[in-house]
Every structure is written in C-alpha cells, then in structure tokens.
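**Q** Could you have a look at this structure, given as structure tokens, before my questions?
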Amino acid sequence: MRRDRQGFDYPVANPDICIGCGKCESVCPVINPAEPVKPLASYAMKVQENLSGSSSGGVFPYIAGKVLDEGGVVFGAVLNDDMTVGHAEAETVAEVEPMRGSKYVQSDLYSVFEDVKMYLSQGRKVLFTGTPCQIAGLKSYLGKGSEDLLTVEVACHGVPSPGLWAKYVEALGRKHKGTITSVTFKDKSRSWMHYNFVVENASGRFAVPYVDDPYMALFVQDMILRPSCHECPARFGRSGSDIILADMWTVGKVAEELDDDKGTSLVIANTAKGMSAVDGLDKREVPFDAATEGNGGFAVSAEIPQRRDEFFAGYLSAKDLIAYMKGFVVRRPLHVRVYRKVRHILSTIKRRITG
Ligand SMILES: Cc1cc2nc3c(=O)[nH]c(=O)nc-3n(C[C@H](O)[C@H](O)[C@H](O)COP(=O)(O)OP(=O)(O)OC[C@H]3O[C@@H](n4cnc5c(N)ncnc54)[C@H](O)[C@@H]3O)c2cc1C
Ligand code: SF4
Ligand code: SF4
C-alpha cells in the first residue's frame, strides 16, 4: 500500500514479481461493480440495552452476540491505541465492545480477508462488518459464497482520509495540551440526532456538538472523502451483503413510537440469512423509500465539493491545521441554524410530555 498526498492508501503492484495475470483487476469491485439487489424487507428497530455504547440502535452487538454464541468469529472496525482505525477480530463479547460506535475514518483491513478465509476453511461461522465496498471486496476475494459467512454493511456515504485524521489528532493534542487517548465520534449522551464529538487526554474530556468540530463538519459536507466515494461502486445493494445497518433519521415520521432521540436503527435485510440474523428482535416493518429519505448513505454519490482539491493541496503545510480546516467549513445560514435548534427543543419537549 502507498499513501498519497491526500492521506489515502492505494495498492501498488510490485513490478519485480507481478506476472501481469490481471487477477487483481478481475476481483476489483470498482472496476467490476455488481448489479443492485432488491431488499427483502426494511425494519425500524432498537436494542434498549445496547443503546448507550452504539452509534445507532445497537443492532450490531446483538448480531455479533448471536454469532459468538454459535462459536463464530466477528470482524469489525476498532480505534487502535494510536488513534488509527483498523479492522480487528473478536471471539468474546469483551473483544466486540471496541467495535461498537462509528469511526468516521477509512478503516485499514490489514490481512483480515485472509483471516476470514482461514476461519471459513476451518468450518467456523464468521461475521464480517464494514463499509459496502469492503464487503464487495471480501466477497470478490473469496470468490465463492459460504453459508457460514454473514456480512453486515454499515450504510455509508463516504470515508475520510486516514492521513488527514492522523494530522488532526496531533493538532487536537496540541490544542488540548496532551496526547489524545480516546475519541468518540458519535457520543449520544446529549442527543442522537445532535450528537457530540468527544476527545479525551490526561488533561480532561472535551465534547463539542459535531457540527462545531471542523473534522466532523468537513466529513458531513463530503469535503474529505476518498475519491471513489464520489462514484461509489458498492452502495444501493451492490455489495452482496446480507444486511444493511443505518441510522433511521426519519423515525419521527415513519415509526414515531420509537423516536426517543437515543438512536433507532434502520435494518435492511437483503437475504434470508440477513432476515434470520435479526430473528428474536422486536421490529417494525417500514417502507424503504420513506425510511431512507434524506439519508446520505442511500442517496446518489455525493458530488465533489468545489474546494476539495484546494483543501487537500494545502492541509499538509498548514501552520494551524484546525484554523485551516475551519476555513473550509460552510456554515448553514443563521435562520436555518435557529430553525433547527428550535425544532430540536420542541421535539425534546414533545417527547418528554408524551413519553
Ligand atoms: C464511515 C461511516 C459512514 C456512515 N454513513 C452513514 C450514513 O450516511 N447514513 C447512515 O444511516 N448510517 C451511516 N453510517 C452507519 C451508522 O453510523 C451506524 O454505524 C450503523 O447504523 C450501525 O449502528 P449500530 O448501533 O447497530 O452499530 P454499533 O454498535 O455502533 O457498531 C458499529 C459498527 O460499525 C462498524 N464500523 C465502525 N466504524 C467503521 C469504519 N470506519 N469502517 C467500517 N466499519 C465501521 C463496526 O465494525 C460495527 O459493526 C456510517 C458509518 C460509518 C462507519
Ligand atoms: S494479481 Fe496478477 S496482475 Fe495483479 S499484481 Fe498480482 S501478479 Fe500482478
Ligand atoms: S461511499 Fe462507497 S466507496 Fe466510499 S467508503 Fe462507502 S462504500 Fe466505500
């Protein structure tokens, strides 16, 4: 892998040993995008006991627990001690714990595909969770399907640059006077819809609404995504996954009784295996179109923002990276911010009165 100036890693063939067989191109999901499958069913659901540690409705740990009970192995993304993000494996509930929570950075897969293959060859059940393109890549690598493999994709509108993330963590460490030791990208303790971005170090715990953190603001404004995310080959049911987990942002309209601002999952089953993965959970079937309305993870790929090239051309030499990033954040007009704040306060009051 070679990291480019934008901080993304790309595979590079070694010319000394490459025999030009073309196998890498024939399994590449970007070069060979699959046809979309029609979902079997869409559900709104939440697992009460998992809400606080999970980003959405806590369905992932439920599915992982089932696979562990059957003696299986779970693969998912964790935040490493050095604040990089990569995939890890788990054979116990304690090892699944750090996989919970969305990490808004492209996750390094290391040699995880080989490990999945090895466990499947031993007859073990495997749960692989990741972005749609990671699942498409895994399926392509394995070549043939396996009854023992369950794949769960997180809805995804794009992943930010790991190189930029590393620089940002260093800058946060300087700002907060101490190496950052913990990050929660989506802290729901205040609100799921208006969540906080939280970092910790020896000096304390620093929480800000995600819209006020320049990294998160640039992420949601699609400024710092991998170029392939602007022409995503794997979303819309093209990854071959059994199930899709998403935030059900339309819960207030589509399943009002679940709207407690603590997180509700939209669960889309693409296969019978995916349907049975959520057997045993209370679920409410919801219409796909209404449930996914306005959700970037299901929209057409985000357009490339006008200033993206300018941003990536200058971030490495910026003297004050945080100030530099803030300069690229597009603030919503004041009346929109006031409207959203008032709407949030009113819906909180309504929830308290009704339930
Ligand atoms: C980069 C990214 C973009 C997303 N964009 C959207 C979106 O546009 N719309 C939407 O509805 N939902 C999006 N999500 C998904 C959503 O935030 C939740 O992760 C999902 O609903 C699962 O919630 P949960 O409570 O069941 O899982 P949790 O218990 O919170 O578990 C988190 C799951 O996400 C996986 N994960 C975490 N970080 C990464 C990562 N960097 N790469 C690969 N897998 C990861 C873990 O392996 C685990 O399976 C995104 C998630 C990520 C990571
Ligand atoms: S798969 Fe074949 S073409 Fe691709 S890098 Fe390896 S040897 Fe070269
Ligand atoms: S938007 Fe598409 S290409 Fe980008 S990380 Fe998500 S699934 Fe992969």
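Here, each number is a calculation from the coordinates, and none is a lab measurement. Remember, predicted model here, so these are calculated numbers, not experimental data. Neighbour counts are summed over all protein chains in view; Cβ atoms, including those assigned to glycine, are modelled from backbone coordinates with ideal geometry.
**Q** Bins of 10 Å, beginning at zero and ending with the bin holding the largest distance: percent of Cα pairs per bin for the range 94-218, please.
**A** The calculated distribution, bin by bin, is 11, 35, 29, 18, 6, 0.
**Q** Next up: Among bridges DSSP assigns within the chain, what percent are antiparallel (round to 5)?
**A** 70
**Q** Then there is this: Among 127-140, 282-295, how do they line up from the highest to the lowest mean number of other beta-carbon atoms within 10 Å?
**A** Highest mean packing first, the order is 127-140, 282-295.
**Q** Identify all lysines with a Cα-Cα distance to K46 below 25 Å; exclude those on the same chain that are fewer than 8 residues away in sequence.
**A** K38, K66, K103, K125, K186, K188, K253, K262, K273, K283, K350
**Q** What number, in nm² with one decimal, is the all-direction average of the projected area of the convex hull of the alpha-carbon atoms of the chain?
**A** Its average projected convex-hull area is 19.2 nm².
**Q** Going highest first, how would you order 175-186, 31-42 by mean Cβ packing within 10 Å?
**A** Top to bottom by mean Cβ count within 10 Å: 175-186, 31-42.
**Q** Right, something else. With the Cα gyration tensor of the range 172-264 giving a ≥ b ≥ c as the square roots of its eigenvalues, does the rule (a/c under 1.5 for rounded; else a/b larger than b/c for prolate; else oblate) give rounded, prolate or oblate? Don't jump to the answer; show the numbers that get you there.
**A** On the way: a/c = 2.41, a/b = 1.36, b/c = 1.77.
It comes out oblate by the Cα gyration axes.
**Q** Hey, another quick one. Between Y110 and A202, take the C-beta separation as r, use R0 = 45 Å, and let me know the FRET efficiency to the nearest 0.05.
**A** Result of the calculation: an efficiency of 0.95.
**Q** In deg cm²/dmol and to the nearest 500, what is the mean residue ellipticity at 222 nm of the chain if only DSSP H runs of at least 4 residues count, each as -39500 (n - 2.57), divided by the residue total?
**A** -8500 deg cm²/dmol
**Q** ³J(HN,Hα) across the range 88-97 via Karplus (A = 6.51, B = -1.76, C = 1.60, θ = phi - 60°), whole Hz, x for Gly/Pro?
**A** Once θ is set to phi - 60°, the couplings for the range 88-97 become 9, 10, 9, 10, 9, 4, 4, 6, 6, 3 Hz.
**Q** 7 Å from Cα along Cα→Cβ at both A323 and T84: what's the point-to-point distance in nm?
**A** 3.1
**Q** In Å³ and rounded to a whole number, note down the convex hull volume per residue for the Cα atoms of the range 255-337.
**A** For the range 255-337, the hull spanned by Cα atoms encloses 212 Å³ per residue.
**Q** Sorted by packing (mean other beta-carbon atoms within 10 Å per residue), highest first, where do 106-116, 152-162, 6-16 land?
**A** Per-residue mean Cβ counts within 10 Å order the peptides as 152-162, 106-116, 6-16.
**Q** Here is a further query. Using θ = phi - 60° and the Karplus relation 6.51 cos²θ - 1.76 cosθ + 1.60, list the HN-Hα couplings for the range 123-135 in order, rounded to whole Hz, with x at every Gly or Pro.
**A** Working through the residues one at a time gives x, 7, 7, 10, 10, 10, 10, x, 6, x, 5, 5, 6 Hz.
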